[in-house]
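Values quoted throughout were computed directly from the atomic coordinates according to the rules given, and no laboratory measurement underlies them. Nothing here was measured: the structure is a model prediction, and the numbers come from that model. Every residue, glycine as well, gets a Cβ built from its backbone with ideal geometry; the counts of neighbours run over all protein chains shown.
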Amino acid sequence: MSAPTKGDLSPSEKELFQVISAGNVQEASRLLGCKDVRVNCLDEYGMTPLMHAAYKGKADMCKLLLQHGADVNCNQHEHGYTALMFAGLSGKTEITWMMLDAGAETDVTNSVGRTATQMAAFVGQHDCVTVINNYFSRARLDYYTKLQGLEKEPKLPAKLAGPLHKIIMSTNLNPVKVVMLVKENPLLAEVEALDKCRRVMELICEKCIKQQDMNEVLAMKMHYISCVLGKCASFLKDREDKLDGLIKSLLKGRDSDGFPVFQEKFIRECIRKFPYCDATLLQQLVRSIAPVDIGNDPTALSVLTQAITGQVGFMDTEFCTTCGEKGAEKRCSICKMVIYCGQECQKMHWFTHKKVCKKLQEQREKQEAETAKLRMKQSKEESKAAQEAADIMQELSVETKSEETPSDAAAETSDSTSVRATDN
């Protein structure tokens with residue numbers, strides 16, 4: 001079958017584009033089995049079926065097309081857009097992951113010089129930006145599970161690759177969340193396993209800095225994960241309560257306001273220990289964090305998260321107080337000031353939150369009372385202003401009538417004279 005050219009579509013290929021728009025996966029599967037259907041055919045704008053499916057947010061359709069050999073890096077679009085760019089524009093993180101797993105190149109630019117990350121950011125799809133910025137293929141990690149050179153055993157046991165890759169791919173950098181991911185996997189929660197994982201993270205960090213297309217962001221993330229894994233290993237060696245003790249240390253808040261001082265100091269220390277002092281990202285982080293007193297904004301975690309994930313401002317989003325997971329909705333029933341993603345996180349945090357819960361409740365009630373008082377005052381002022389406006393309108397109305405009286409009287413006199421003249 002001939003190579004695809006723009007707009008050169010068979011009847012079945014035209015039907016395929018229509019079916020994709022409708023989201024009919026079963027019919028698309030049937031059409032893809034036809035001899036006159038090319039999975040990488042191009043419409044008049046140079047868009048492939050995969051680009052259409054990605055832009056329209058059809059995850060099942062994207063999966064089907066990739067299974068049939070769709071080229072994720074096809075770049076025949078009239079403006080140089082790729083399937084990954086369309087995935088980012090759609091705002092569907094699942095599809096963005098799918099394109100990346102299929103080998104989508106992240107550094108390709110379109111006709112206006114923007115990458116997929118920049119396109120997603122331009123239209124406000126920050127979750128997709130985060131996915132692209134944090135992507136690290138499993139194949140790159142699996143490299144360390146194979147014997148290299150004269151090694152007698154690989155640097156990373158194959159059984160650890162899966163759980164470690166899950167941590168690497170997480171966009172939640174809260175150290176409590178990382179420790180929870182370690183704790184939930186028995187394969188990871190051993191000193192020897194953590195030491196091997198930590199070493200691999202350090203090697204990847206070094207590679208990110210020394211490779212031709214240096215990636216400071218990924219290097220910093222690998223270094224940070226290495227630090228957290230190292231802290232997990234030290235607690236497993238020295239503490240009877242093991243990782244539960246580390247989680248409590250990270251969550252413990254100071255008595256005055258509940259701020260997690262140990263967590264803040266730990267994250268700052270992780271950043272300070274980044275081994276490449278000349279890195280631009282490190283200098284930016286230090287400039288942002290160093291002048292800030294512990295307990296004030298921005299926190300080290302927020303600065304680090306913004307630098308690594310690309311999330312800006314965290315507007316209109318709630319994060320779990322315990323693990324930092326996005327989209328938390330449950331509030332403490334007493335103070336209603338702290339938010340959790342579930343009961344487990346609330347229970348973990350209660351040991352320290354209970355010290356400031358009542359104080360926070362009083363602060364909230366005081367603030368609500370002041371807000372209600374202010375609203376009442378504003379309401380009274382508005383009512384007073386409305387009444388004054390009504391009084392002014394009334395006075396104007398009276399004055400207008402008063403001005404009209406002489407002419408009315410003259411008219412009445414004239415009418416009366418006319419009547420008398422008629423009577424005569």
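Kirkwood Rh, Cα Rg: Rg to Rh for the stretch 121-231?
0.98
Distance in nm between label sites at Thr145 and Gln387, each 7 Å beyond Cα in the beta-carbon direction?
7.8 nm
Could you work out the Rg to Rh ratio of the stretch 139-313, with Rh taken as the Kirkwood radius (inverse of the mean 1/r over all Cα pairs)?
Taking Rg over the Kirkwood Rh, I get 0.97.
Could you pull the Rg and Dmax for the stretch 222-334, using just the Cα atoms, both in Å?
So, for the stretch 222-334, Rg and Dmax equal 15.2, 48 Å respectively.
Can you pull the three principal axis extents for the Cα set of the stretch 278-352, in Å, largest first?
46, 23, 19
Among Val25, Val179, which comes first, second and so on when ranked by fewest other beta-carbon atoms within 10 Å?
Sorted ascending by nearby Cβ count, the order is Val25, Val179.
Given a Förster distance of 45 angstrom, what is the FRET efficiency for Gln394 paired with Lys330, based on the Cβ-Cβ distance and rounded to 0.05?
My answer for the efficiency is 0.25.
Can you list the lysines whose alpha carbon is less than 19 Å from that of Lys58, not counting same-chain residues fewer than 8 positions off?
Qualifying lysines at Cα under 19 Å: Lys14, Lys92.
Relative to the compact globular guide of 2.2 N^0.38 Å, what is the alpha carbon radius of gyration of the stretch 108-183, as a ratio?
Cα-based Rg divided by the globular estimate yields 1.48.
Label-point separation (nm) for Gln212 and Glu105, each offset 7 Å from Cα along Cα-to-Cβ?
A separation of 1.2 nm, rounded to one decimal place.
Tell me which residues come under 5 Å, amide H to amide H, from Ile339 once H is placed; ignore anything under 5 positions away on its chain.
The answer is Thr321.
Using the Kirkwood radius over Cα pairs, work out the Stokes-Einstein diffusion coefficient for the chain at 4 °C and 1.567 mPa s, in µm²/s as a whole number.
Estimated diffusion coefficient is 48 µm²/s.
Which entries of Lys242/Lys265; Lys358/Lys380; Lys265/Lys366 show an alpha-carbon separation above 24 angstrom in the structure shown?
Among Lys242/Lys265; Lys358/Lys380; Lys265/Lys366, the Cα-Cα distance tops 24 Å for Lys358/Lys380; Lys265/Lys366.
Would you list Val178, Val123 from fewest to most Cβ contacts within 10 Å?
Val123, Val178
For the stretch 1-136, place one equal point scatterer on every Cα, skip the solvent, and apply the Debye formula. What is log10 of I(q)/I(0) at q = 0.15, 0.16 Å⁻¹?
For the stretch 1-136, the Cα-only Debye profile gives -0.65, -0.73.
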